[in-house]
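The values are calculated or read from the model by the stated rules, or taken from the named source; none is laboratory data. Quantities reported herein were computed from a predicted structural model and do not represent experimental measurements. Don't worry about glycine lacking a Cβ; one is built from the backbone with ideal geometry, like all the others, and counts go over all protein chains shown.
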Amino acid sequence: MSRPFSVEDAAAQTQLWRPAPQPKPHHAGHRERLRDRATAGGLAAVPDYELLELFLYRSIPRGDVKPLAKQLLGRFGSLGGVLGATPEELRTVAGVGEAVALDLKLLHEATLRTAKEQVARRPVISSWNALLAYVKTALAHEAREQFRVLFLDKKNQLIADEIMNRGTVDHAPVYPREVVRRALELSASALILVHNHPSGDPTPSSADVDMTRQIVDAARPMRISIHDHLVVGRDGTASFKALGLM
């Protein structure tokens, strides 16, 4: 006669039926290790994809974001390209939703405002490197050509930085009389013209040279000086004055 099924028997069978422990995902503990490495070695030593990864932790609180960071850099070419991309462009990358796109644009805006502060605090002419850093941050990765003007007072301090026109991948319409009219409205004494080349090559075109001369000619009777015309591309920044074009 068999003995009755006991509690001990049930416990033993439970042990036998217990599922095998699942292996930890390969990225387990990666976030903590990356944070520790960044803290110990300083953020300056962190490569771009890991810096982007650290930032994405705030937008995506769980999971492995290293593939997404590398995919973003591959799609847009550089960290600056990622931050300079439009929200619509960012969302074409799998894994990027509205929240991630917004967070990346917030980072770009903070970077842009920080760069602009360095220009606004003192005469532009005496802080030329800060100006070049600012216009490169603002325009180097723009997908469409953009023409903007920096309006300066008599002390060459920045009154306003305004986008006068947006265009296509290789052209932005410019109206010299509108530029001068706006300068008079702001009581500006001098201007710095800025536009970008989405192709990446900042070399001025013959159309750029002709347009600059038209603005110089329109501004001269109003005693408004044109200090320079800067052309910004991913490959650098070209200065009309340095090139002897004005």
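So which residues in segment 151-191 are among the acidic types (Asp, Glu) and closer than 24 Å to PRO202 by Cα?
ASP161, GLU162, ASP170
Mind telling me which of the residues ARG91, ARG58 ends up being outside the structural domain of PRO198 (by TED's automatic domain parsing), touching a residue at least 40 places away in the same chain (Cβ under 8 Å) and under 23 Å from THR137 (Cβ atoms)?
The conditions single out ARG58.
For ALA172, all conditions in the list (1) surrounded by fewer than 17 Cβ atoms within 10 Å (Cβ to Cβ); (2) out of contact with any helix residue (DSSP H, G or I) (no Cβ under 9 Å at 6 or more places or on another chain); (3) in the same structural domain as SER205 (by TED's automatic domain parsing) hold save one; what is the number of the exception?
(1)
Residue by residue through segment 31-64, note down the ones that are exposed (fewer than 10 other Cβ atoms within 10 Å of the Cβ) and either touching a Leu at 6+ places or on another chain (Cβ under 8 Å) or under 19 Å from LEU106 (Cα atoms) (or both).
The answer is PRO61, and nothing else.
Within segment 177-185, can one find any residue that is within 20 Å of ARG121 (Cα to Cα) and either in contact with a strand residue (DSSP E or B) (Cβ under 6 Å, 6 or more places away or on another chain) or not in a loop (DSSP other than H, G, I, E, B) (or both)?
no
Is there any pair linking a residue in segment 160-176 that is free of Cβ contacts under 8 Å to residues at least 24 places away in the same chain and at positive phi to one that is of a type in the set (A, V, I, L, M, F, W, C) and surrounded by 14 or more Cβ atoms within 10 Å (Cβ to Cβ), with Cβ under 9 Å and at least six apart or on different chains, and which?
As it stands, the answer is none, since no pair meets every condition given.
If ALA133 passes every condition in (1) among the small types (Gly, Ala, Ser); (2) closer than 21 Å to GLU109 by Cβ; (3) part of a loop (DSSP other than H, G, I, E, B) but one, which one does it miss?
Condition (3) is where ALA133 drops out.
Since GLY97 meets every condition but one in (1) surrounded by 14 or more Cβ atoms within 10 Å (Cβ to Cβ); (2) outside the structural domain of ASP217 (by TED's automatic domain parsing); (3) more than 16 Å from the chain's Cα centre (by Cα); (4) not aliphatic (A, V, I, L, M), which condition does it not meet?
Here GLY97 meets the rest and fails (1).
Can you name the residue in segment 136-164 that is part of a strand (DSSP E or B) and surrounded by 20 or more Cβ atoms within 10 Å (Cβ to Cβ) and, of all such residues, is farthest from the chain's Cα centre (by Cα)?
LEU152
Give the residues of segment 213-246 that are more than 27 Å from the chain's Cα centre (by Cα) and of a type in the set (D, E, K, R), sorted by residue number.
Listed by number, the residues that qualify are ARG213, ASP217, ARG220, ARG223.
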